[in-house]
Structure formats: structure tokens, C-alpha cells
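Enquirer: First the structure, which I've put down as C-alpha cells, then a few questions once you've had a look.
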Number of protein chains: 4
Amino acid sequence: MISNPIPWPNGARCAVAITWDMDADSGLNFWNPERADTMVACQTMFRYGPNISVPRLVELGRRFGIKQTLYVPGWCIERYPHAVDQMANNGDEVALHGYLHERANELSKEDELYWFERGIDAYKKHFGRSPAGWRTPSFAFSKYSLRFLIDAGFQYDSSLMGDDVPYVLDDNGDTLIELPTQWSLDDWPYYAYGREINMTTPITAPARALEVFRSEFDAAWEFGSVWISVWHPFLSGRLARIRAVIELIEYMQAKGGVWFATTSEIADHVQGLIARNEWTPTVEKLPAYTSPLPEFSERN
Amino acid sequence: MISNPIPWPNGARCAVAITWDMDADSGLNFWNPERADTMVACQTMFRYGPNISVPRLVELGRRFGIKQTLYVPGWCIERYPHAVDQMANNGDEVALHGYLHERANELSKEDELYWFERGIDAYKKHFGRSPAGWRTPSFAFSKYSLRFLIDAGFQYDSSLMGDDVPYVLDDNGDTLIELPTQWSLDDWPYYAYGREINMTTPITAPARALEVFRSEFDAAWEFGSVWISVWHPFLSGRLARIRAVIELIEYMQAKGGVWFATTSEIADHVQGLIARNEWTPTVEKLPAYTSPLPEFSERN
Amino acid sequence: MISNPIPWPNGARCAVAITWDMDADSGLNFWNPERADTMVACQTMFRYGPNISVPRLVELGRRFGIKQTLYVPGWCIERYPHAVDQMANNGDEVALHGYLHERANELSKEDELYWFERGIDAYKKHFGRSPAGWRTPSFAFSKYSLRFLIDAGFQYDSSLMGDDVPYVLDDNGDTLIELPTQWSLDDWPYYAYGREINMTTPITAPARALEVFRSEFDAAWEFGSVWISVWHPFLSGRLARIRAVIELIEYMQAKGGVWFATTSEIADHVQGLIARNEWTPTVEKLPAYTSPLPEFSERN
Amino acid sequence: MISNPIPWPNGARCAVAITWDMDADSGLNFWNPERADTMVACQTMFRYGPNISVPRLVELGRRFGIKQTLYVPGWCIERYPHAVDQMANNGDEVALHGYLHERANELSKEDELYWFERGIDAYKKHFGRSPAGWRTPSFAFSKYSLRFLIDAGFQYDSSLMGDDVPYVLDDNGDTLIELPTQWSLDDWPYYAYGREINMTTPITAPARALEVFRSEFDAAWEFGSVWISVWHPFLSGRLARIRAVIELIEYMQAKGGVWFATTSEIADHVQGLIARNEWTPTVEKLPAYTSPLPEFSERN
């Protein structure tokens, strides 16, 4: 089912990266610049992430002996440094996730770059080095984003959905590793709720969300793909849901043959394979379009 | 999984508060001030709460020997006093839930205070005393709400979502007990329906909603948190759903080690622990923001 | 759990009325007066009701030996007389459901009356007599509707949601029997789909919708209430769903003690009980409000 | 349950057509003409269809020895010819699905015709012949569409929902075979997600979507109807979901008596039956309306 299968370390059947987007209330502020300051209950729902869930994630990783990746907006590094540090000090990866959870592709090129650089600055100031990995907030990767990422020296991106295995993004010959994920592995569709975040669909029981995550894992295991969660500490870090996460990882470990890794470790592995000519990645040239389709102006 | 575990009375594993928001048609009127008077079917759906469900809740409490908390808007005390009295006369707690189910954080500070005081007045006029507890309608707790609650002498709030155990809210040194809940334990996402209340997602079967509530309870029991339902008489008080509630409470009692209490009793317990230095609560200073983030004006 | 239990014929545990709202494409035209004529696929989805499902409903009723009620807009009587006649000739009840599926409470009093009378005229012209029963399209019962229904000589309404058993609506001493239902027993939340009807939530599997309907039935059976489906031939009349309906009725009949009746027969029974003083109904005075609440103008 | 049963080849109980709408990012461009070029993550989600899923569909068909139908917009033939060719070279049917996934019934008659002809031109240019089959993008079949299809020489349409078995569309005596489907068999309601495509409801687990598809199949098998999937390679072609598709086809084949065919083969069969007078189809005259209903102007 996979036309370009990738060899995983030690003959593993598939790769699993438990990754978290620790947005806290950054997005709430970006989406509601005039009113977020008075959405207090919603703020506390989001702050549950850095304050309550993150120590729990550290505990989770230790319990299973795995390292995870925390994607974090620069503003959250500045505002919740204790949360970021707990993960970093535990040996987990901290990658970048914008500055204020801005939607890049709804901004001008200049504004996108402004917030992008501000995110990198916040990361560098805190950690004294540049981030290796990136995930675009709200999956709003723009036609300029790849160029910005390459110029800033990122190793990999994990925002796109074009394949089941890692691939390479190419902008005029410059490249970046892409570690694709998909909406199914995001916990937002199942757990996010609240009129103030524009989500009022039924909340999914943890066992039912698990059913989706596990079905994707079983397929990854059978066919050899990469499985990358896009979970949010304030959602999947809640007590009943972290129990489901525990159950899922137990299931994965019992099944065996799974390489648990951070997204950075996966990117390293992919780069090594390519450098040693052990595997040839699919290459996608981006952007696919630099302007709206000509078909429309042809008609009008 | 809980970093600041709280001792429950008699060594109970967790605390459970069955709490109900008896909105009746207050919110319908607030949300549709010009048209609510002619939404008759929707009104009857809401009035089912005070007229049909409340006697059932009394019966429920007696069956299991537990006391519950009814959060009620002041306008509902005036309009449906019989419903409020049935609970109060049964020894259940009646707490305050705004006046007309107004969304506080969408109002000016002056308007918020106007409706807030009107709610308190309605409560005092009916009961001859002030309410001990508060839940903000629609979870629309504003940056002014804590100050208003403290100044009005409330003992506790149950509108925020920042932890799994009770904590303390602090506004310039003045404090209030917070008894947190979360969206998962609200029945609105599963059961509310109607174009006139802007909910047109599939209605969840009682057994499926129960699955969520029970998963949260099992986690509360395992980890020692507080479990506070946010149910609505007009929704969970329906026949098929009250059967599910009965089944859930039977499950809880069979599991054992559960402290069933009103939110006021939980607040008393927390205050006692603090006073006796038997437990140190987490303290959250509010409001977190007093104005929109400066980041935006820095850019613009 | 029911404070005013009603005796059902022959000691039945509960009453079940299988009722259908045969809207066909009336609502589509009313909601989209300018564009419905060109929504052809959506039209065919709706016309499946009178053309394909209705013969199936007749077959269903014969199979189980039960009579059903078809609520039908006057325009559908004019446009799909064959469908209406099939039910009527089979001995099923045909009740009225507006003229063009207009939302009464979004119209002026004059417009509501215009369409209301046009619906009655269509019914009378076809059947040579007035309808006994009424259900307001879209549950949009207005503050004028009860008066119109009483003046037109209706026997009963089945549009409100204020109780689990029949009750009486009172407008200045004039009364009407109310046979209440609720959103859970409507099939729209589970099965309706299409951007052109503004429904794009996941479609529920028949077995899952059945779970809701059956849970309500089990509660009705246990507590003695009336169970009235609000199904749509174009939705629940689809093959996989009619199989679920068959399964449900088999379940009901196997359980036993169920009085299957049309809503008109239930109204007759209720009127008989009242006339013979064998049961005292709850009476609700309507409208509850004749103008917007004064609370708002008090503040402004 | 089916009033006009159709004989299937070799006494099969029902006909099953696995059909796919390979939209790729055509619709994204049509719906967002100004911004689609910068929705890069969403583009990659859609391009997963032609790039990753289509080879998988070929593999799927070979595994089970069945031929499928790929509905494809003309623009996708031009932009993703490799995907289209893989299916065509495998002996699968390629039918037409508009040009840019335009919503025909939201266009003027002239604009509808412009894009319609452009779609046909793209098909002819690539394949050297006209398409036999058509499905209107977004089920937006207009009151002009049937005339356009007949004049362009199409054999059949598969966009309407008016019956469970094939029927005939008639425009002033000119006819076209209709192979009806329904929303339940579309995978969009269960799997489509993303703010940029305006879908933010919970994602359904593959096993749960399968439950719907299988319930419809079981009904088709029991009653003798045609079962036509409307799946999207970028959705149901994902790994966990293709496993569910495999499981479903295994279930169908194990049950036996199923005629697997392309929609073109079904149309051939229907035409043969009619020509040999072995079956009389239901005929529906279209359009049902040529202008908005007169009822509205009568009132105003």
C-alpha cells in the first residue's frame, strides 16, 4: 500500500512520534485580539496545558521510556518557561510553533515573516540555539513558509499531509525534510469545545477517540508508515484522556516493533538514509502555485 | 498524575458533586431579546426543566441519599420559585447563576455589575440570605467577575477549568475558592438541540454520553480529583437520560470510596483544610490580563 | 418519575405513535424561494419521501398491524396527492403540517395566518373535511399559533416539548390537547445532510440512531409516557434505516404492553379520560409572553 | 420494499459500484479563487489523492478482481494525468466530474455551460473520446444540467438521489440513465476535516463509517438495490480507511450474490433491459421547476 517504503531503525515496523502542540492561550489571544483578555474561563481551560498537563506528560514519557516533542509558540516560551523547561530538562524535544499561534496564510508575506522571526527570537533567547523543527499553527502553511523555514536553517517541518512516510520539500533546489501528519491524529476534532473557540460539536469519549488513533496506528504498523500525533496538553492531557493515551501506548508497546522517537530523531534518521543512499525520498516542489489559478481570469 | 493531591473526607478517593444549571428559558430570552417571546416550542423545551425535571431531581437525590446543587439565575427564582423551593426544602443547595443567563464577558463592566447585583437581589429577596456559590452563565467569566464575587462575599466559584482539584483565586490578596469543572462534564454538547439555540449537531445516545461522564469519573476515582457535573434539568432530566444518570450513580456507589457532596460542602472542606494547614492550595492570580496583549500594538 | 401519570387503554405501559413529517421539497422551496428550483439533486432527495418511502410506510404499517400518522404541508397534498392518498386509503391518519413548511414564528401574525389558512384550505379541498391534528413545521410554534389552532377547530397539537405525557394548552379558557414530543425522537439530527439544507455533521449509522430511539422507548415503557416519533420519509424511509425501524418495532412488540396508536387516537383517549373525570391533565396557559421581557427596557 | 425491482445479471442480489470522486485540489481552488494558492497544507491533503491513493486504488481493484469508476474534474485530468492514466490503464472507468469542481447550480446558465464544456474538452483531449458518465460536483445539479448532459451525448448520470434502483431522466422526451446514490454513501460527512474546507465536526473512526456503509449494503443485498459509493481518494484512500474498505469488500464478497461493476457497466445493463423490454424503468421528468414557485408572488 506504500509505494516508497522507508526502512526504520532496527527493522521496526513503523515510527511513532508522540508530539504535542502546547498552545496555551496564545491562539485565543491571536484569534480574539480585542476580547481574549476577558475570556477568563477559556483562558483557564488553555492554561491547564502548561500548568497541569505538562508535568503529566513528563511523567508519561518516563513511565514508558520514550521521548516526546513539544511544539510551542514563542510567546508561550516567554510566558510559560517552566512548562517548556520541564520537557527540555527531561530530554524531550522542544520545537517551534509560531509566535502567537498566528495563521500564516491569512497574513501578508511581511506579517508572516515578522511573527516567524519573533518566534525564532523567543526560542533562541530562551535556549541559546535555533529550533530544529517546525509546525505551522492551525496547519496554515503559506506559499512563503517553506522559503522562510529553509532560510532560517530548520531541519524539518511537520505541518503537511501529502504522504504516509517522510518526504522532501524542495524550493528551487533548497530542501527540507517533511514529516507528514493528518487531521485524524489531531485531538482537536474530538475534544475541543467552547463557543469562544467556535467548537460546539459533541465531545468524543476518550475510548472513541482512541479508536481512531489506534486504527491509524494499526495501519501504520501493517504498512510501515510514520504515525505522528498532534495532541494538545489542555485537551489530551486531561485525566480521563491521558488514561486513554496510556492505554494506547501500552497497546503499541505490546504489539512490538515500534520505533518511538521525537520528530527530530526521525528527521535525523531520514537525512542519514538519504546521505547514505539507502533510500530515495519523494520530492515535492513547493509552492505549487504562486498566484491564483489563471482559469478564473480566462473566464472573466 | 495530580501534583497537588487533596485529602478528601474519610479517606474518600474522590469527590463528586452532582450540580445542575436550571436555566429554564432565561438564556433564550437573553440571547433573543426581541424574538424569544414567540419561540414557544423552544420555551416549552426549557420550561420542562423547572416543571417536570426538578421534582425528578429531588426524587433522584432521595433515592441515593445524596444532596445536589442547583445553580439558578435570579430571574428563574422569581419566575419558577416552586422549582427552586422544592430543591431547597429537600436540603439541596441553591447557588446563583446570573440573572438572565447573561454572558458577562460580552457586557461592559457596568452592565455586568448591573445584572450581577440583580441576580443577588433576587436570591436575597427569596431566601433572605446571600448565596454561597456562583457559576457564570455560559462560562463567560470576565476579567471583572472575580472582584465582583469577592466584594459580594461569595464563598466559592465553579466556573473555571484550570485544574482537577479545588484551588484558590486571588485578586490583589483577596481570595475565593475555585471548584473547577470542564466541558466534558457539561451535558450541553451531547444533548442540546435546536436551530433556535444554534445547536444542530447529532444528539448523543444517553449510553454514549454516559461513557464520557464515566470515563471522567473513573479517572477522578483513580487520581483523586473532584468531579462536578454541569447538567441541565431540561436536558439530563429527560426520562431516558435520567435513567442514565441513575445508572451512573449506581456505578459510582458500587465502586465505593466516593464523597458525594454539594459544591458548598466541598468549599467548606477546602477552607477547613487550608485553615488547619492540612493542605496548601494552588493559587492563581486573576485577572491574568487587564487589557489586550501589547504584542499586537507593537506590530501595528 | 412522572408526577401526573396517565392511564393508557387496556393497561398498556405506554403509548407509541409512529408519526412522519412528509415535507417533500416544501421546506426547500420556503427556505430558498429564489434558488430552490435549481437545487435538483436536493429536490430528488426530498421527493424520495412521497415517491419511494410512502408506499414503504404503508407496507410497514401492514406488516405490524399498526396505524401511523402522516403530517403533511398543504402544498404537498396538492403536489403529491398520490402519496397522501396511499396513507389515507390504508386507514392511516393524515394531519396538517403548514402549507409550505413555513416557520411560523419568523413571520408576522398576518403572514402566519395566511399560510395557516392556505394549509387548511388545501386539506379541506382534498379530503372534504378539516384536519384533526397539527404539527408546526420546524417546531416554530409562535405566540399566535394556539389561538389560530383553537379558532380553526383543531383537536390536538403535537409541536411542543413541555411534558412526557399529554397535557392541555389553554388560551383564555379555550383549550387544545397537546401531545408532546422532543428533539431526540426526530430523525433530522441523525440523518439530514447537505450543504443546501445547512446540515454538514456526520451522518449517524441506523443502529446508532436506533440506540437513541430505543433508550427513549425503554424509558417510556418503564415510566408510562407517550413516545411520538418525528420521522421524515425521505430520511428514515431509506432502505437501511427502514430496516432499523422494523427492528425497533419488533423490539417494542416483543416487549409487550405497548399501545400503538395514531396521534388522533391518543387525543381521543385523552379527551375521553378528561370527560369521564378519570384523569386530570396538567394545563399550560399560552402564550407565556406576549411581548419581549420588560427586564431589558428596564436596563436600557 | 422496492416497488420496481430490477433484475441484476446472473441473478445477483444487488449491484455494487465502488466509485471515487478524485477532486484533488480543484474544489479548493474553485471555492477560494483568491486564497487557495496559499493554503499549502490543505493542498497537500487533497493532492494525497492523485499522488498516494490512486495507486492504492489500483492495487485494491486487482486484489479483489473488481473494476471501479473514477469521477474526475477536467482540470485534474490536465494537472494529474498520471493518476487518471493509472486507473484507465488498469481497465477502470474514468467518468467526468466538472472542470474545476464548480457548483453548477450557483452559476448562471452560461457559466455552467462554459465550465461543463471545458470539462468535456479536457476529457476528449486526453482520452480522444467523450465520457460516458457524469457526476455533478457537490451534488449541485441544476435545472439546466440534464439538457446539457443529453446534448453532449452522455450515457448516464450519477448525481441524483430519487430512488434505490436506476431510473430514467426525461427532458422533453430525451432521456438519460440515472444511477442514484445518497449522502450516506459519501465519505465526506465522516472524514472531511479542516477550517479551510469549512468542516470542523468530529472525525469518524473507520470502523464507525464502515457501520454506515455496511448497513446500506446489507439493505441493498436484502432488497435488491444499487449501492454506489461516493468516496474521495484523499479521504478513504488513507491507510486506516483503506483497511476498512478492504474489510467491507471482503464482507460483500463473502456474503455473495453481489454484482460488482463500474457505473458504466450498470448503465449498459439498464439500457439492455429496457431495449429488450425486460424491465420498465421509472421515468422522472426534469426539471421539476423552471422558476421559483408562484406561491410566493401570490402572497406578496
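Enquirer: Is it the case that region B:268-276 has a residue that's more than 10 Å from chain A (Cβ to nearest Cβ), over 18 Å from B:Asp92 (Cβ atoms), under 18 Å from the mean Cα position of the chain (by Cα) and in contact (Cβ under 8 Å) with a residue 60 or more places away in the chain?
Expert: Checked against the condition, which is being more than 10 Å from chain A (Cβ to nearest Cβ), over 18 Å from B:Asp92 (Cβ atoms), under 18 Å from the mean Cα position of the chain (by Cα) and in contact (Cβ under 8 Å) with a residue 60 or more places away in the chain, region B:268-276 yields at least one hit.
Enquirer: Regarding C:Thr280, is this residue farther than 24 Å from C:Ala95 by Cβ and surrounded by fewer than 21 Cβ atoms within 10 Å (Cβ to Cβ)?
Expert: So C:Thr280 passes the test.
Enquirer: Taking region D:1-52 as the region of interest, how many residues are touching a Lys or Arg at 6+ places or on another chain (Cβ under 7 Å) and modelled with pLDDT of 95 or more?
Expert: Let us first name the residues in region D:1-52 that are touching a Lys or Arg at 6+ places or on another chain (Cβ under 7 Å), namely D:1, D:21, D:24-25, D:37-38, D:40.
Applying the additional criterion that residues be modelled with pLDDT of 95 or more yields D:21, D:24-25, D:37-38, D:40.
So the count comes out to 6.
Enquirer: Another question, if that's okay. Could you tell me which numbered condition D:Pro292 fails, if it satisfies all but one of (1) assigned to a loop (DSSP other than H, G, I, E, B); (2) touching a Leu at 6+ places or on another chain (Cβ under 9 Å); (3) of a type outside the set (S, T, N, Q); (4) closer than 30 Å to C:Ser26 by Cα?
Expert: (2)
Enquirer: Would you mind listing the helices (runs of 4 or more DSSP H) fully within region C:40-141 where at least 1 residues are more than 12 Å from every other protein chain (Cβ to nearest Cβ) and among the hydrophobic types (A, V, I, L, M, F, W, C)?
Expert: Values: elements: C:40-48, C:54-64, C:74-79, C:81-89, C:109-127.
So the answer is C:54-64, C:74-79, C:81-89, C:109-127.
Enquirer: Among the candidates B:Asp163, B:Asp157, single out the residue that is within 20 Å of the chain's Cα centre (by Cα), more than 8 Å from chain A (Cβ to nearest Cβ) and acidic (Asp, Glu).
Expert: Step by step, each of B:Asp163, B:Asp157 is checked, and only B:Asp157 is within 20 Å of the chain's Cα centre (by Cα), more than 8 Å from chain A (Cβ to nearest Cβ) and acidic (Asp, Glu).
Enquirer: Another question, then. What do you reckon, is C:Ser236 of a type outside the set (A, V, I, L, M, F, W, C) and within 14 Å of another protein chain (Cβ to nearest Cβ)?
Expert: In short, yes.
Enquirer: Considering only region D:259-277, how many residues are farther than 19 Å from D:Ser3 by Cα and loosely packed, with under 11 Cβ neighbours inside 10 Å?
Expert: The total comes to 2.
Enquirer: All but one of (1) free of Cβ contacts under 8 Å to residues at least 12 places away in the same chain; (2) closer than 20 Å to D:Glu211 by Cβ hold for C:Asn198; state the number of the condition that does not hold.
Expert: Every listed condition holds for C:Asn198 apart from (2).
Enquirer: Inspect region A:150-159 for any residue being among the charged types (D, E, K, R) and under 21 Å from A:Val16 (Cβ atoms) and give the result as yes or no.
Expert: So the first thing to find is which residues in region A:150-159 are among the charged types (D, E, K, R), and the list is A:151, A:157.
Right, trim to under 21 Å from A:Val16 (Cβ atoms) and you get A:157.
So far as region A:150-159 goes, yes, one or more of its residues are among the charged types (D, E, K, R) and under 21 Å from A:Val16 (Cβ atoms).
One line per residue, one yes/no per condition, for (1) surrounded by 19 or more Cβ atoms within 10 Å (Cβ to Cβ); (2) within 17 Å of C:Cys42 (Cβ to Cβ):
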position: D:Leu100; (1), (2): yes, no
position: D:Arg103; (1), (2): yes, yes
position: D:Trp115; (1), (2): yes, no
position: D:Lys125; (1), (2): no, no
position: D:Phe141; (1), (2): yes, yes
position: D:Asp170; (1), (2): no, no
position: D:Pro180; (1), (2): yes, yes
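Each row is one residue, and each column tells you yes or no for (1) among the basic types (Lys, Arg); (2) free of Cβ contacts under 8 Å to residues at least 12 places away in the same chain.
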| position | (1), (2) |
| --- | --- |
| B:Ser184 | no, no |
| B:Tyr193 | no, yes |
| B:Thr204 | no, no |
| B:Ala207 | no, no |
| B:Arg214 | yes, no |
| B:Ala219 | no, yes |
| B:Phe223 | no, no |
| B:Trp231 | no, no |
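Enquirer: Does region B:144-155 contain any residue that is closer than 30 Å to C:Gln182 by Cβ and touching a Gly at 6+ places or on another chain (Cβ under 7 Å)? Working first, answer last.
Expert: Step one: filter region B:144-155 for residues closer than 30 Å to C:Gln182 by Cβ, giving none.
Within region B:144-155, not a single residue is closer than 30 Å to C:Gln182 by Cβ and touching a Gly at 6+ places or on another chain (Cβ under 7 Å).
Enquirer: I would also like to ask the following. When region B:24-39 is examined, which residues are found to be more than 7 Å from chain C (Cβ to nearest Cβ), in a loop (DSSP other than H, G, I, E, B) and of a type outside the set (S, T, N, Q)?
Expert: B:Ala24, B:Asp25, B:Arg35 - these are the residues of region B:24-39 that are more than 7 Å from chain C (Cβ to nearest Cβ), in a loop (DSSP other than H, G, I, E, B) and of a type outside the set (S, T, N, Q).
Enquirer: If you don't mind, another one. Looking only at residues in region B:126-158 that are touching an Asp or Glu at 6+ places or on another chain (Cβ under 7 Å) and among the basic types (Lys, Arg), which one is farthest from A:Ile197 (Cα to Cα)?
Expert: Across region B:126-158, the extreme among qualifying residues is B:Arg147.
Enquirer: Could you grab the pairs with beta carbons closer than 7 Å, sequence gap of 6+ or different chains, first residue in region D:278-300 and at the interface with chain C (Cβ under 7 Å from one of its Cβ atoms), second one exposed (fewer than 11 other Cβ atoms within 10 Å of the Cβ) and part of a loop (DSSP other than H, G, I, E, B)?
Expert: These pairs meet every condition: D:Pro292/C:Glu34.
Enquirer: Do you know which residues across region A:10-23 are polar (S, T, N, Q) and either within 12 Å of chain B (Cβ to nearest Cβ) or closer than 24 Å to A:Gln86 by Cβ (or both)? So that I can check it myself, show each step before the final result.
Expert: Taking region A:10-23 as the starting set, the residues that turn out to be polar (S, T, N, Q) are A:10, A:19.
Selection gives A:Thr19 alone.
Enquirer: I'm checking my understanding of the structure. Among residues of region C:199-228 that are surrounded by fewer than 24 Cβ atoms within 10 Å (Cβ to Cβ) and hydroxyl-bearing (Ser, Thr, Tyr), which one is farthest from the other protein chains (Cβ to nearest Cβ)?
Expert: Among them, the one singled out is C:Thr200.
The values are calculated or read from the model by the stated rules, or taken from the named source; none is laboratory data. All of these numbers come straight from a predicted model, not from anything done at the bench. Backbone-built Cβ (ideal geometry, glycine too); neighbour counts: all protein chains shown.
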